[in-house]
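Everything below concerns the one structure shown next.
Nothing in this text is a laboratory measurement; each read-out follows from the coordinates by a stated rule. Remember, predicted model here, so these are calculated numbers, not experimental data. Glycine gets a Cβ as well: all are built from the backbone with ideal geometry, and neighbour counts include every protein chain shown.
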Amino acid sequence: MGGRRSLATNLSTNDEATPLGLETDRPDDFVTRLQPLCQRAADSLRQLGWRVVFAESCTAGLVSAALGSIPGISEHLCGSAVTYRNQTKQDWLGVSQEPLVNPGPVSQQVVQLMAQGVLNSTAEANVALAVTGHLGPDAPSQLDGLIHLGVAGKDQPADDAASDFTATRLCRLESSQRLLRQQESAHEVLATLIDVMDIFDHWKRIREGELEKSRFSWAHHFLREQPVSQDDATATPEFLFPGSFDPRHEGHLEIAQYVKSTFGADVEYELSLENVDKPALEFSETLDRLFQFLGGNPIWLTQSATFEEKSRLFPEATFVVGADTMVRVADPKYYLDEQSHRQAIATIVAAGCRFLVFGRQLDGDGSTTAGFYQLEDLVLPLELKEICRQVPAAAFRADISSTDLRAKRDEK
């Protein structure tokens, strides 16, 4: 799959100098410039057999106008609800008044309700995208040039691989002129539609065993995704940070920054659909977690639940982990027997993989007592400990609990 074209590059050339009345800024010229992106969206819709509907606020119909320029798109474009005013959002999409007042129309909550509302009212649509934003003038400074995008999807009639799914995105626009911001917002909606379809395609192919791994890489806020086929053994990052990223938090970012400043290498992340301690990820969860990496380092999608499997996919990689992960790698309960335990460690060693181990606060679970643990505090098989390197607490320590963050998130 090819990378998407960045409209912002085209717009920024004359962002401040070009008067709005020039022909280069006419909506029909914008639609022409957007043709390659629209064609890719149309091709993906046909490939998946999906139908899309939009709920547009700040883009005022530009998204559907652009996509509607593709011949034959009527089979896949259901339409668009242009709900510019709050009352129209209530009347057409069923958005209640309360979230429109607080947190307000330009918010994650409202854009998700917009997407769900237009999907619910469009029986033949499989996926809906919504957009709302402050394009100026006279926007509050903290919201000026900010747009929210919402995604909602439902079971596919011809494919039961994905259950209902939702996701949101937040974008800070590059342009400063209102018309250019409107066009950039439309570009982001279409690009997000492509992102959703690309991620679904690769999630499904990995789940079915057709692919072993796919690499998703973001440049600024434009997603550029490159599939990695099963027989491509050359694409291995130097430092790989596996995790569930539920949610991704500041501790993850600080660890990546530490690796960059200490070793001069970028960290790439890995999200596995399978986990030894948790249920397999459905598409909705996968989409939500991958969208957290917009504007960040690349992330790999795999189905490798164990480090034995990861070492086969990423030979020579250094896995960036916490002490809690090393406890699980060494715990016999995750293996069939002692022989399979030794074989797993031997496989990791033979692949040339290593572990960079950060200290973690452990709650205690029978094999350990509660407290802060570093590599030196762990009881590990010698052959495993020999391929580990400790990050001293004096050099780095971040006591952030994903469990606590999830609890706070669920309270909202």
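So which of 260/333; 89/278; 154/213; 260/310; 213/385 end up more than 32 Å apart, counting from Cα to Cα?
Result: 260/333; 89/278 exceed 32 Å.
Counting other C-beta atoms within 10 Å, and keeping those with at most 14, which DSSP coil GluC sites (Glu not before Pro) do you find in segment 46-138?
124
Gain in length, residue 262 to residue 47, computed as 0.36 nm per residue apart minus the alpha-carbon separation, to one decimal in nm?
Answer, rounded to one decimal: 72.9 nm.
Using a Förster distance of 35 angstrom, determine the FRET efficiency expected from the C-beta separation of residue 141 and residue 400, and round it to 0.05.
It comes out at approximately 0.75.
7 Å from Cα along Cα→Cβ at both residue 210 and residue 97: what's the point-to-point distance in nm?
5.0
Using modelled amide H (1.01 Å from N, peptide plane; none on Pro or chain starts), what sits under 5 Å from the amide H of residue 372, excluding residues fewer than 5 places away?
Amide H neighbours of residue 372, under 5 Å, 5+ apart: 362.
Report the GluC sites (Glu not before Pro) located in segment 290-344 that are in a DSSP loop and have at most 13 other Cβ atoms inside 10 Å of their Cβ, or state none.
316
Spin-label point model (7 Å from Cα, Cβ direction): what's the residue 120 to residue 244 distance in nm?
Reported label-point gap for residue 120 and residue 244 is 3.0 nm.
In nanometres, what is the gap between the two model label sites at residue 338 and residue 166, each 7 Å from Cα along Cα-to-Cβ?
5.2
Would you mind pulling out the separation of the Cα centroids of segment 47-94 and segment 280-297, in Å?
24
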